[in-house]
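S.K.: Take a look at this one; I'll ask things after.
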Amino acid sequence: MDKNKIDFILSQADTALILGQRLGEWCGHGPVLEQDIAMTNIALDYVGRARLLYTYATEFEGKGETEDHLAFLRDEREFKNLLLSEHPNVDFAFTVCRQFFLDAYFVPLFEALSSNEDNRLAHIAEKSLKECHYHLRWSSEWMIRLGDGTEESHHRIQSAVDKLWEYTGEIFDATDYEKKLQEKNLIPQYSTLKIKWEATMVSVFDEAKIIKPKDNWFQKGGKNGIHTEKLGFILADMQYIQRAYPGLEW
Amino acid sequence: MIDPTKNSKPEIDQLNEQGSSILNLQEIESLISQITDPEIPVLTIADLGILRSVKKINDRIEITITPTYVGCPAMGMIEMNIKALLDESKIKNYIIHTVLHPAWSTSWMSEEGRKKLKEFGIAPPSQKIRIQKLFEGQGIVECPRCNSTNTEMISEFASTACKSLYRCKDCLEAFDYFKCH
């Protein structure tokens, strides 16, 4: 049993779950019905991915726990999601931008993991990749519509890009557990993923007339359990029922 | 690969002295093949390609299914329906496996399934699967009601994860399109 591997799987699962939960907050609040449905559809894909990864992690750990233990009974410091995934929705532009930054990372990540020597992980990646392609198409198209739209929409998406940029550094900044897995070639090198991610940024920013922010200070910590104050509120919302009524089932 | 054309429904109430089913593998397979998708009730799980195989290994029936989309909420219900049917048929020794590989694809959908979808008012997936360019939509989609190709996408995301919402510019009806995956 490789603790580093479990941490990596949990980090991926947590990012998917928290992002799915965040997107789900749009349910009934979308700017138009079609995009409300789009965001909740994508949320469903993320929660589905989280479930596959959590189930795998519990089998790895072999403590007889289920996916629900991992999703509903861990505290903030145990969550290893990227800070970007817990960032509040703010407005539609922020949500689109957050999705775009992450979608552009998941596509090359899962492309690489699809041929991983761990079959189980490879199969989850292969399945998720199909969905990541249309997630990225959705967020890219909206980046362009907003960026190359009205003065108001351009202003909103540019300010989302400017404010969220500081959370993108963490994506490619390998933690100790990721470095150890990379040394053994068990997960891809982030430098190669970053090249692909940046190419997507450049081409979409260009078409969207968005100015790429300068690389300055980058926030990090999420993958090691150090979060913004926002995560606690999501967990409170998400875990309330299981905490109040332990073991409750539908 | 399951053949969804095997449609004769076996009698399920014939039991042996121990009260177990006497159905053979082929009959069990054809029984399970007729379970329908909870969200698209005109299609069976065999039509959709969700049911991958039904085998008998050491006296145990092994059923393999695969999800369409990772978050498909129908999977739990499909598994439950398979269990209910097998229990009702007094088949006691079985196991249901869920596999992810190879990843489900709409190209597995049977011709029969495509026909049934269209009759139900859902445009079936076009055969070509490719990664689309931005703003390119999903290619030519035919209206299931009037067969016009003069259609436009309203939203790539619709009532379920597997469908998009379209509008026919000739008969003016909105319709669902089962997207390529």
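S.K.: Please verify whether the range B:127-140 includes one or more residues that are surrounded by 14 or more Cβ atoms within 10 Å (Cβ to Cβ), at positive phi and not in a helix (DSSP H, G or I).
M.R.: yes
S.K.: I would also like to ask the following. In this structure, does residue A:136 turn out to be more than 10 Å from every other protein chain (Cβ to nearest Cβ), in a helix (DSSP H, G or I) and touching a residue at least 60 places away in the same chain (Cβ under 8 Å)? Quick ask: steps written out before the conclusion?
M.R.: Numbers: more than 10 Å from every other protein chain (Cβ to nearest Cβ): no; in a helix (DSSP H, G or I): yes; touching a residue at least 60 places away in the same chain (Cβ under 8 Å): yes.
Considered against the rule, which asks whether it is more than 10 Å from every other protein chain (Cβ to nearest Cβ), in a helix (DSSP H, G or I) and touching a residue at least 60 places away in the same chain (Cβ under 8 Å), residue A:136 comes out as no.
S.K.: Oh, and also: What are the residues in the range B:99-110 that are facing chain A (nearest Cβ under 10 Å) and either of a type in the set (Val, Ile, Thr) or part of a helix (DSSP H, G or I) (or both), if any?
M.R.: The initial filter retains those residues of the range B:99-110 that are facing chain A (nearest Cβ under 10 Å), namely B:99-105.
Answer for the range B:99-110, where residues must be facing chain A (nearest Cβ under 10 Å) and either of a type in the set (Val, Ile, Thr) or part of a helix (DSSP H, G or I) (or both): just B:99.
S.K.: For the range B:40-70, which positions are of a type in the set (Gly, Ala, Ser) and in a loop (DSSP other than H, G, I, E, B)? Spell out how you get there, then give the answer.
M.R.: Of the range B:40-70, the ones of a type in the set (Gly, Ala, Ser) are B:46, B:49, B:53.
The one that is of a type in the set (Gly, Ala, Ser) and in a loop (DSSP other than H, G, I, E, B): B:49.
S.K.: Select, from A:13, A:104, A:57, A:50, the only residue that is farther than 28 Å from residue A:199 by Cα, assigned to a helix (DSSP H, G or I) and aliphatic (A, V, I, L, M). Working first, answer last.
M.R.: Numbers: A:13 fails: farther than 28 Å from residue A:199 by Cα; A:104 fails: farther than 28 Å from residue A:199 by Cα; A:50 fails: farther than 28 Å from residue A:199 by Cα.
The match here is A:57.
S.K.: Let me ask something else about it. Please determine whether any residue of the range A:137-146 is of a type outside the set (Ser, Thr, Tyr), farther than 23 Å from residue A:20 by Cβ and either in contact with a helix residue (DSSP H, G or I) (Cβ under 9 Å, 6 or more places away or on another chain) or modelled with pLDDT under 95 (or both).
M.R.: Yes - at least one qualifying residue is present in the range A:137-146.
S.K.: When you scan the range A:77-92, do you find a residue that is touching a Pro at 6+ places or on another chain (Cβ under 8 Å) and either closer than 26 Å to residue A:199 by Cα or at pLDDT below 95 (or both), even just one?
M.R.: Checked the range A:77-92: at least one residue is touching a Pro at 6+ places or on another chain (Cβ under 8 Å) and either closer than 26 Å to residue A:199 by Cα or at pLDDT below 95 (or both).
S.K.: Cβ-Cβ under 7 Å, sequence separation 6+ or interchain: first residue in the range B:101-127 and under 15 Å from residue B:65 (Cα atoms), partner among the aliphatic types (A, V, I, L, M) and surrounded by 20 or more Cβ atoms within 10 Å (Cβ to Cβ). Which pairs?
M.R.: If the second residue must be among the aliphatic types (A, V, I, L, M) and surrounded by 20 or more Cβ atoms within 10 Å (Cβ to Cβ), the pairs left are B:109/B:48.
S.K.: Is it fair to say residue A:146 is assigned to a helix (DSSP H, G or I), away from chain B (no Cβ under 13 Å) and more than 19 Å from residue B:66 (Cβ to Cβ)?
M.R.: yes
S.K.: What are the residues in the range B:49-84 that are more than 14 Å from every other protein chain (Cβ to nearest Cβ), within 11 Å of the chain's Cα centre (by Cα) and closer than 13 Å to residue B:29 by Cα, if any?
M.R.: Passing the criteria: only B:51.
S.K.: Given (1) at pLDDT 90 or above; (2) of a type in the set (A, V, I, L, M, F, W, C); (3) surrounded by 16 or more Cβ atoms within 10 Å (Cβ to Cβ), where does residue B:91 come up short, assuming only one miss?
M.R.: Condition not satisfied by residue B:91: (1).
The values are calculated or read from the model by the stated rules, or taken from the named source; none is laboratory data. Since this is a predicted model, take the numbers as computed values, not measurements. FYI the Cβ positions are ideal-geometry reconstructions off the backbone, even for glycines, and counts take in every protein chain you see.
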